[in-house]
Amino acid sequence: MGYSVGQVAALAGVSIRTLHHYDEVGLLRPGCRTANGYRQYDDADVGRLRDVLAYRELGFSLEQVRSILDDPQADPASHLRDQHRLVRERIARLERVLTHLEKMMEARQMGIDLTPEEQLEVFGPDWPGEEYAAEAEQRWGETDAWRQSQQRTSRMMKQDWLAVKAETEALESDLAAALTAGVAPGDERAMDLAERHRLGIERFYDVSYEMHRGLAQMYVADPRFTQHYDDRAPGLARWLHDAIVANAQRHGG
């Protein structure tokens, strides 16, 4: 079956000028011409055009496409396999780009103005995602604490976040060490660690002792927080809760 240049252009969604150019550069020559000299394409030509457009979509130059398609060792099945593999690779790259963009959006939503590389350095690949930011905003978005946290984090630079990370790591290490050493939650050493914990949060928003007790309750009520601390040392979430309560009582909160 023969197709005119206009018909092929309509089928493929390209311009007639594009098909003329492909003919001129030897990329897609029509199988024959009519008695009047008009280009006439057959089914094989249309199949080759499909391959041309597929490889062009994948970013290959016209010269590269011609080299691929004119390879005497290749066949239609191999072209399909190659295109399938290349599309898979492109999808994987785009998924990485999408993940990268989502991380940037999460950071913006949380008021964190860091480059993606700085985010990775500070928070690591598994820092809390958009669902946690959305949940936090839903819970506390109308509170003074939320507004304070948004204002304060918006002014924080990379070094500020690195300092937070180091301080948090040191505190949680000291908490686990105290629990492991058998320090009771009501001991002054435990209460001092609980006070360090409260002051660490105050970097982001004002934390009364009553509010700190509420956060402590969340550490044992929400499995996500419980796991975070218990991964440090079994039972640490409950121990920290009790130390925070004792510290609040010490300060009349």
Among the residues that make up segment 39-57, is at least one of them assigned to a loop (DSSP other than H, G, I, E, B) and over 19 Å from D70 (Cβ atoms)? no
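State yes or no: is A221 touching a helix residue (DSSP H, G or I) at 6+ places or on another chain (Cβ under 6 Å) and over 19 Å from K165 (Cα atoms)?
Criteria not met by A221.
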Answer residue from segment 220-253, given it is of a type in the set (K, R) and more than 32 Å from the chain's Cα centre (by Cα) and is farthest from A181 (Cα to Cα) among those: R250
Return the pairs, sorted by first residue and then second, in which the second residue is of a type in the set (D, E), the first residue lies in segment 211-234 and is touching a residue at least 40 places away in the same chain (Cβ under 8 Å), the beta carbons are less than 7 Å apart, and the residues are 6+ apart or on different chains. R232/E172
Note on segment 153-191: residues modelled with pLDDT under 70 and either open to solvent by 40 Å² or more (accessible area, probe 1.4 Å) or closer than 20 Å to N247 by Cα (or both) are S154, R155, K158
Please work out which residue is least open to solvent (accessible area, probe 1.4 Å), limiting yourself to segment 38-75 and to residues that are within 16 Å of Q7 (Cα to Cα) and small (G, A, S). G47
In segment 156-210, what residues are among the β-branched types (V, I, T), over 14 Å from W239 (Cα atoms) and part of a helix (DSSP H, G or I)? V164, T168, I201
Among (1) in a loop (DSSP other than H, G, I, E, B); (2) open to solvent by 50 Å² or more (accessible area, probe 1.4 Å), which single condition is V87 missing? (1)
Please determine, by comparing only the residues of segment 192-206 that are free of Cβ contacts under 8 Å to residues at least 40 places away in the same chain and over 17 Å from A177 (Cβ atoms), which one is least open to solvent (accessible area, probe 1.4 Å). I201
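Taking segment 58-82, which residues are outside any helix (DSSP H, G or I) and aliphatic (A, V, I, L, M)?
Correct list: L58, A74.
The values are calculated or read from the model by the stated rules, or taken from the named source; none is laboratory data. Since we're looking at a predicted model, the values are computed, not measured. All Cβ positions, glycine included, derive from the backbone under ideal geometry; neighbour counts span all protein chains shown. Areas reflect the complete protein model, heavy atoms only, side chains present, ligands, DNA and RNA absent. Shrake-Rupley method; radii C 1.70, N 1.55, O 1.52, S 1.80 Å.
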